[in-house]
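K.L.:
Please see the structure below; I have some questions.
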Amino acid sequence: MGFSLYWLIPVLFCSWYVSREVFRRAESLGLVHLPNERSSHVESTPHGGGLGVVLVATLSGLLFFFDYIGVVFLLGSFLAALGLWDDIRSVPARFRFLLQSFVVLLLLLWLGALPPFDVLGVELGGWFFLLLVGIAGLWWINLFNFMDGIDGIASVQVLSVLLSSILIMLSSDGSRLEGSLIQVMLLLVAAVLGFLILNWPPARIFMGDVGSTWLAFMIFAFALLSVKQGWSDYPVWLILTALFVMDASFTLLTRLLNGQKFYEAHRSHAYQKLTRSYQQRLICSMSERAARASAHRKVSLLVLLVNGLWLLPLAWLSAIYPEWGIWLVFLAWLPLCMVVISMGAGRVNTI
């Protein structure tokens, strides 16, 4: 059966439908937990809604693109199963990290040799570079999960990164729309859009680890595939993912420097502090529930604006002028670093 862009419509609908069914059966599935120290909510809300994205996108991907990217979907299924298990009952951090490491290792072995990365005249390649890529992949999977803390933010980030990378790849060669890589990326975009209908503030259901870890892994795999095919380059992806990377990385570093346990649940990310700041301003003119939803909506839209108006143009320039790539990465990162630091990311005594 051949793939057509018209298939994106039923993919979107099926993702919404399965996510809605998870919402309706969340209590019987054990997917309703009380808010904890990491939550930006005060009410119990079902999670695990990312299961709809995973199931629909995986089945569709295996149906249309099994020969091309079936291994990636199969490897991602292990992380999704682990995430669902963790959503239902907590899984020890060491076991999660071990399985994530194994899955990333298998992905890199399947991909084989990757193009070297030139950083200020120093060419990174070989096994040492693969080790760095593997560590980066593990950090990306976990930081994406950390950043999924308010309504809509993770879905908006996925849509921003995938659609931006697709636009950049098509801008240099429109015929790539017929390629399997871009088609499978569009398939994932449709599945996330279906879930976002239920996840947009005020969210009826959260993504959960089943969705966040799987989506992060798929983006990581797409990035490496696009670089290996010569359709993109490392700086493009380092720029497009910068917002999540900067917030999570500086938050973790600050907590470590302050002697805090990095693996404990918390609400000290910059995006969480900004959300609470918005909520405090709005709560005087509306109910707490409405203020919380409005604050979540503002921050998720801000993520969309930063990605579209700041990071996308820089990533596009990086694709056009690859010799400027690493400098454009620094240019993209610097103001985000300054904002994250000024927000007191990782510190418990601010906002």
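The values are calculated or read from the model by the stated rules, or taken from the named source; none is laboratory data. These numbers were taken from a predicted model, which means no experiment stands behind them. Using ideal geometry, Cβ is built from the backbone for each residue, glycine included, and neighbour counts are taken over all protein chains shown.
Yes or no, residue by residue, for (1) over 24 Å from ALA136 (Cβ atoms); (2) in a helix (DSSP H, G or I):
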| residue | (1), (2) |
| --- | --- |
| LEU302 | yes, yes |
| LEU305 | yes, yes |
| ALA315 | no, yes |
| GLY344 | yes, no |
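K.L.:
In addition: Looking at the range 169-181 only, could you name the residues that are over 14 Å from ALA221 (Cβ atoms) and in contact with a Leu (Cβ under 7 Å, 6 or more places away or on another chain)?
P.N.:
Start the filter on the range 169-181 by keeping residues that are over 14 Å from ALA221 (Cβ atoms), which leaves 169-179.
Correct list: LEU170, ARG176, LEU177.
K.L.:
Where the second residue is surrounded by 14 or more Cβ atoms within 10 Å (Cβ to Cβ) and of a type in the set (Phe, Trp, Tyr) and the first is closer than 16 Å to ALA57 by Cβ and lies in the range 9-31, which pairs have Cβ atoms under 6 Å and are six or more apart or on separate chains?
P.N.:
SER15/PHE195; SER19/PHE195
K.L.:
Any idea which of (1) within 16 Å of PRO202 (Cα to Cα); (2) at pLDDT 90 or above; (3) out of contact with any strand residue (DSSP E or B) (no Cβ under 7 Å at 6 or more places or on another chain) is the one PHE23 doesn't satisfy?
P.N.:
(3)
K.L.:
Give the number of residues within the range 253-280 that are closer than 25 Å to SER90 by Cβ and touching a Leu at 6+ places or on another chain (Cβ under 8 Å).
P.N.:
1
K.L.:
Against the condition without any contact (Cβ under 8 Å) to a residue 24 or more places away in the chain and more than 16 Å from the chain's Cα centre (by Cα), how does GLU264 come out, does it pass?
P.N.:
no
K.L.:
VAL56 versus (1) modelled with pLDDT under 95; (2) part of a helix (DSSP H, G or I): which is the lone unmet condition?
P.N.:
Unmet condition: (1).
K.L.:
Here is a list of conditions, (1) in a helix (DSSP H, G or I); (2) touching a strand residue (DSSP E or B) at 6+ places or on another chain (Cβ under 9 Å); (3) surrounded by 15 or more Cβ atoms within 10 Å (Cβ to Cβ), and LEU132 meets all of them except one; can you say which number that is?
P.N.:
Condition (3) is where LEU132 drops out.
K.L.:
A further question on this structure: Restricting to the range 150-168, name every residue that is farther than 20 Å from PHE220 by Cβ and of a type outside the set (Val, Ile, Thr). Step through it out loud before you land on a result.
P.N.:
Going through the range 150-168, the residues farther than 20 Å from PHE220 by Cβ turn out to be 150-152.
If the condition is that a residue be farther than 20 Å from PHE220 by Cβ and of a type outside the set (Val, Ile, Thr), then ASP151, GLY152 are the ones that fit.
K.L.:
Right, here's the next one. Considering only the range 302-319, state which residues are of a type in the set (A, V, I, L, M) and either touching a residue at least 12 places away in the same chain (Cβ under 8 Å) or in contact with a Gly (Cβ under 8 Å, 6 or more places away or on another chain) (or both).
P.N.:
First, pick out the residues of the range 302-319 that are of a type in the set (A, V, I, L, M): 302-306, 309, 311-312, 314-315, 317, 319.
Passing the criteria: LEU302, VAL303, LEU304, VAL306, LEU311, LEU312, LEU314, ALA315, ALA319.
K.L.:
Now, a different point. Quick one: in the range 199-251, which of the residues that are within 14 Å of the chain's Cα centre (by Cα) and of a type in the set (Val, Ile, Thr) is surrounded by the fewest Cβ atoms within 10 Å (Cβ to Cβ)?
P.N.:
Residue satisfying both the conditions and the ranking: VAL245.
K.L.:
Separate question: Within the range 44-58, track down each residue that is buried (at least 24 other Cβ atoms within 10 Å of the Cβ) and among the aliphatic types (A, V, I, L, M).
P.N.:
Passing the criteria: LEU51, VAL53, VAL54, VAL56, ALA57.
K.L.:
Which residues, counting only those in the range 48-89, are in contact with a Phe, Trp or Tyr (Cβ under 6 Å, 6 or more places away or on another chain), touching a residue at least 60 places away in the same chain (Cβ under 8 Å) and under 16 Å from VAL184 (Cα atoms)?
P.N.:
Residues satisfying the conditions are VAL53, VAL54, GLY61, PHE64, GLY76.
K.L.:
Against the condition modelled with pLDDT under 95, closer than 25 Å to PHE64 by Cα and surrounded by 15 or more Cβ atoms within 10 Å (Cβ to Cβ), how does GLY149 come out, does it pass?
P.N.:
Here the answer is no, as GLY149 does not meet what is asked.
K.L.:
Which pairs have Cβ atoms under 7 Å, sit 6 or more apart or on different chains, and link a residue in the range 90-116 that is outside any helix (DSSP H, G or I) to one that is of a type in the set (A, V, I, L, M) and surrounded by 14 or more Cβ atoms within 10 Å (Cβ to Cβ)?
P.N.:
From the range 90-116, the pairs are VAL91/LEU82; LEU114/LEU130; LEU114/VAL133; LEU114/LEU224; LEU114/VAL227; PRO115/VAL227; PRO116/LEU124.
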